[in-house]
1. Look through 394, 379 and report the one residue that is at pLDDT 95 or above, part of a helix (DSSP H, G or I) and in the same structural domain as residue 276 (by TED's automatic domain parsing).
2. Could you please give the count of residues in region 180-235 that are part of a loop (DSSP other than H, G, I, E, B), within 12 Å of the ligand (Cβ to nearest atom) and in contact (Cβ under 8 Å) with a residue 60 or more places away in the chain?
3. Of the residues that make up region 232-244, is at least one within 26 Å of residue 70 (Cα to Cα) and in contact with a strand residue (DSSP E or B) (Cβ under 8 Å, 6 or more places away or on another chain)?
4. Output the strands (runs of 3 or more DSSP E) that fall wholly within region 398-487 and possess 1 or more residues being within 16 Å of the ligand (Cβ to nearest atom) and free of Cβ contacts under 8 Å to residues at least 40 places away in the same chain, or say none.
5. So is residue 455 outside the structural domain of residue 227 (by TED's automatic domain parsing) and either within 17 Å of residue 281 (Cα to Cα) or surrounded by 13 or more Cβ atoms within 10 Å (Cβ to Cβ) (or both) or not?
6. Output the number of residues of region 61-75 satisfying the condition of being surrounded by 15 or more Cβ atoms within 10 Å (Cβ to Cβ) and without any contact (Cβ under 8 Å) to a residue 60 or more places away in the chain.
Ligand code: NAD
């Protein structure tokens with residue numbers, strides 16, 4: 001079996017424990033992973049803290065930090081096929097997606113490389129004649145980055161890129177499910193030449209995450225995962241009042257009006273829910289369709305869902321691979337059954353595929369007559385589309401905004417004024433109009449409500465890893481006149 005190690009303080013080491021990682025396509029163990037305990041986490045955080053306070057990182061110019069990030073981007077690009085194969089093996093995400101996504105991950109590092117020396121302070125036109133006042137933007141300190149299993153290289157790039165550009169040092173905890181690509185990525189960090197301790201990468205379960213989130217030397221916790229875990233993290237952060245940025249799940253509405261290009265909408269919907277086998281935080285898992293075109297859309301979606309090629313994730317022609325874990329597959333099957341028990345109509349799919357691996361077919365549930373079905377309110381994180389009909393624009397908005405989540409949304413219409421009204425009315429961090437699931441390092445990404453807070457991507461993300469220092473400098477040589485009057 002392959003064997004992976006942690007990367008702490010510039011060196012590779014075993015964890016206090018270890019565990020076997022399971023290949024989701026076969027259900028069999030394929031590699032041994034290190035597992036961090038609180039002592040490993042403490043070692044990594046202390047290394048990051050030393051690096052942050054030491055000259056090797058803090059003394060480096062922003063442009064030099066940017067150059068290191070450019071080097072890392074080039075290395076990620078060159079290693080993309082190897083990293084993609086590892087992510088496919090360890091998480092079951094299909095090779096078509098991992099290859100394209102990881103090549104694009106390099107662009108995130110490039111974007112933040114270019115941004116490193118553009119994080120500027122400011123000079124203030126202060127209302128006192130003998131004072132100069134300016135603002136310094138300084139890195140916040142040690143960042144704890146915690147990511148879930150899906151798209152670990154991507155979800156860590158949107159944290160590492162801005163945090164490193166801002167001058168922070170990072171301890172990154174890979175998910176215990178599918179950590180191989182991030183542990184391999186550590187080799188590129190070392191090869192790029194980041195000083196020891198600037199980036200530390202380890203893996204482990206909730207205990208390791210908790211030890212990291214509650215560590216007194218952590219200044220900012222950048223978390224992607226589920227809302228329940230986020231609550232633990234926020235409670236843990238209360239101890240030392242660390243900042244948090246939370247990218248959580250969603251139950252995103254995909255809204256189709258009867259004036260839309262229906263075929264285009266159906267293609268976007270299929271990609272929006274079945275890509276990554278539905279294990280995507282922005283999955284368009286609620287299909288809200290205007291009643292007059294519901295039957296036509298359902299027939300089209302059913303045909304497309306049943307034509308999807310399910311198979312081995314490492315084959316280029318495969319369109320839907322296995323779910324990452326048996327636990328996740330069983331959970332999705334139970335949620336589908338619960339929705340059916342509450343009146344949802346099963347249009348296609350619905351049962352785990354027998355045989356080896358954690359396969360579940362593209363599934364469609366018509367929940368129009370089952371408004372309380374879990375399919376309309378709970379995130380499944382799997383290839384399950386829940387359909388609901390609406391009659392008017394107002395009703396579409398009401399249904400769209402009816403969950404506690406607020407991450408993404410999609411609107412398909414050819415009516416420009418309606419599109420604007422929908423954009424205004426949707427409670428979501430992202431609105432896609434006549435498209436879905438487009439992302440870029442230049443565009444902020446994040447949600448509201450149960451979908452979390454804070455934004456990844458764009459300049460805003462880099463500023464989130466800084467703190468403002470206000471500097472007052474008296475320019476007069478006269479003695480300070482009156483000690484009791486504040487000026
Ligand atoms: P999860 O919340 O169970 O785990 C995420 C990470 O948190 C893992 O690394 C895990 O080990 C760690 N963790 C678990 N318990 C912890 C604790 N008590 N303290 C600290 N860390 C802890 O999430 P998951 O089930 O692995 O991933 C699926 C979730 O992630 C879904 O809800 C999905 O929508 C969300 N997600 C969100 C985005 C986004 O950008 N908004 C992207 C991808 C996934």
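1. Of the residues listed, the single one that is at pLDDT 95 or above, part of a helix (DSSP H, G or I) and in the same structural domain as residue 276 (by TED's automatic domain parsing) is 394.
2. Our first condition is that a residue be part of a loop (DSSP other than H, G, I, E, B); within region 180-235, this holds for 193-198, 204-205, 214-217, 225-226.
When the remaining residues are screened for being within 12 Å of the ligand (Cβ to nearest atom), the result is 204-205, 214-215, 225-226.
With in contact (Cβ under 8 Å) with a residue 60 or more places away in the chain added as a condition, the list becomes 204-205, 215, 225-226.
Qualifying residue count for the region: 5.
3. Kept after step one, since they are within 26 Å of residue 70 (Cα to Cα), are these residues of region 232-244: none.
Among the residues of region 232-244, not one is within 26 Å of residue 70 (Cα to Cα) and in contact with a strand residue (DSSP E or B) (Cβ under 8 Å, 6 or more places away or on another chain), which makes the answer no.
4. Numbers: elements: 408-412, 430-433, 466-474.
Where strands (runs of 3 or more DSSP E) fall fully within region 398-487 and carry at least 1 residues being within 16 Å of the ligand (Cβ to nearest atom) and free of Cβ contacts under 8 Å to residues at least 40 places away in the same chain, they are 430-433.
5. Numbers: outside the structural domain of residue 227 (by TED's automatic domain parsing): no; either within 17 Å of residue 281 (Cα to Cα) or surrounded by 13 or more Cβ atoms within 10 Å (Cβ to Cβ) (or both): yes.
Spelling it out, it is not the case that residue 455 is outside the structural domain of residue 227 (by TED's automatic domain parsing) and either within 17 Å of residue 281 (Cα to Cα) or surrounded by 13 or more Cβ atoms within 10 Å (Cβ to Cβ) (or both).
6. Step one: filter region 61-75 for residues surrounded by 15 or more Cβ atoms within 10 Å (Cβ to Cβ), giving 62, 65-75.
Among the residues that remain, those that are also without any contact (Cβ under 8 Å) to a residue 60 or more places away in the chain are: 67, 70, 73-74.
Count: 4.
The values are calculated or read from the model by the stated rules, or taken from the named source; none is laboratory data. Owing to the predicted nature of the structure, the values given are computational and were not obtained by experimental measurement. All Cβ positions, glycine included, derive from the backbone under ideal geometry; neighbour counts span all protein chains shown.
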